[in-house]
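All of the numbers you see were taken from the coordinates with simple rules; none came from a lab. Given the structure is predicted, the values throughout are model-derived calculations rather than measurements. Positions of Cβ are backbone-derived with ideal geometry, glycine not excepted, and every protein chain shown enters the neighbour counts.
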Amino acid sequence: MTLEQRANPIKTVRQDGQTLLVAMEGEIDLNNSPVMHTTLSDLVARHRPSRVVLDVSRVPYMDSSAVAVLVEIMRRVGRGNVVLLSPQPRVRGLLEIARLDTIFRIAASEQEIR
Amino acid sequence: MGRSSPASPRRVEYRIASDPANIAPLRRMMEAFAAECGFDADACGEIGLCVNEAVANIIRHAYEGARDRPILLTAEFDPPALRISIRDWGNGVNPDELPEEQYNPAAPGGVGMLCLRLLMDKVVFMPQQPGMLLVMTRNLTERP
């Protein structure tokens with residue numbers, strides 16, 4: 001079995017006022033969720049945003065280790081202040097299992113959250 | 001849910017090291033195996049997620065992050081049951097014997113076990129000497 005590279009799923013970061021917009025890409029599991037955790041934690045510590053928008057439209061899959069990172073970021077930024085943008089069906093399914101759709105805002109597009 | 005029912009049992013076995021980089025390839029192989037057994041795309045994804053979560057739990061908890069310890073996965077399809085057995089030689093902590101905590105979506109943790117309980121029809125932890133054998137069963141039948 002071929003070991004998969006540990007790619008950082010965080011691809012671009014943009015600040016718009018007090019909002020931090022983070023675009024993510026690729027599958028996220030225990031292989032790369034630690035680097036996602038480190039990067040997001042550093043970004044939140046550095047920018048101190050009042051809202052974080054995570055564009056997960058290019059994330060086809062995530063597991064519970066990624067969900068744990070999202071929850072931790074939510075605890076730092078505040079409940080209701082983390083937006084997940086355009087989750088794909090498998091990701092949305094996990095969010096529903098974990099009942100995260102009750103504590104995160106889920107939006108279909110960037111226009112929807114402006 | 002898919003309804004095709006192959007006539008004979010099928011079996012696959014994978015031995016991997018407890019490196020997180022092995023999780024995705026193993027998950028995809030199990031999703032492909034479930035598809036061969038007749039499960040539909042949604043069910044294959046759920047089965048793959050459970051394999052992911054079970055193996056990640058072993059790496060994080062039973063092996064405490066060590067990347068070079070053995071994990072043996074055996075999957076057997078005896079219609080309608082797909083039984084996935086995952087053996088580790090770790091610390092033997094039985095999740096069934098841990099104090100039950102009410103799941104809180106606003107606190108990190110607990111999602112992996114929640115997936116196993118919700119997406120599998122049967123989940124059994126069988127202590128070994130040393131380690132643990134987890135047997136998860138998903139039936140090729142309509143789910144509520």
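Points worth noting:
- Exposed GluC sites (Glu not before Pro) absent - longest run of chain B, DSSP non-H/G/I/E/B, at most 13 other C-beta within 10 Å: B:1-63
- Bins of 10 Å from zero: percent of alpha-carbon pairs in segment A:5-44: 30, 53, 15, 2
- The mean number of Cβ atoms from other chains found within 10 Å of a Cβ in peptide A:44-50 is 0, as a whole number.
- Taking a sphere under 12 Å around the Cβ of A:Val13 and counting the other residues whose Cβ falls inside, with K and R at +1 and D and E at -1, yields a net charge of 0.
- Values of log10 I(q)/I(0) for chain B across q = 0.13, 0.19, 0.21 Å⁻¹ run -0.55, -1.15, -1.35, by the Debye formula with one identical scatterer at each alpha carbon and no solvent.
- Cα long-axis angle, helix B:41-57 against chain B (0 to 90 degrees, to the nearest 10): 20 degrees
- Relative contact order of chain A, taken over Cα pairs closer than 8 Å and 6 or more residues apart, is 23 percent.
- For chain A, the Kirkwood radius over C-alpha pairs fed into Stokes-Einstein at 25 °C and 0.890 mPa s yields D = 175 µm² per second.
- Legend: P(r) of segment B:74-144 from all alpha carbon pair distances, 10 Å bins from 0, whole percents, reading 18, 43, 32, 8.
- Modelled label positions at B:Asp96 and B:Arg117, each set 7 Å beyond Cα in the direction of Cβ, lie 1.4 nm from each other.
- Length-normalised contact order of segment A:49-96 in % [C-alpha pairs under 8 Å, at least 6 apart]: 58 percent
- Calculated FRET efficiency for the pair A:Arg114/B:Val124, C-beta based, R₀ 41 Å, to 0.05: 0.25
- Across peptide B:101-108, the average count of Cβ atoms from other chains found within 10 Å of a residue's Cβ is 5.
- Ratio Rg/Rh, restricted to the protein assembly as shown and using Cα atoms, in which Rh is the Kirkwood radius: 0.98
- Residues B:Asp42, B:Asp68, B:Asp19, B:Asp88, arranged from fewest to most other Cβ atoms within 10 angstrom of their Cβ, appear as B:Asp68, B:Asp42, B:Asp19, B:Asp88.
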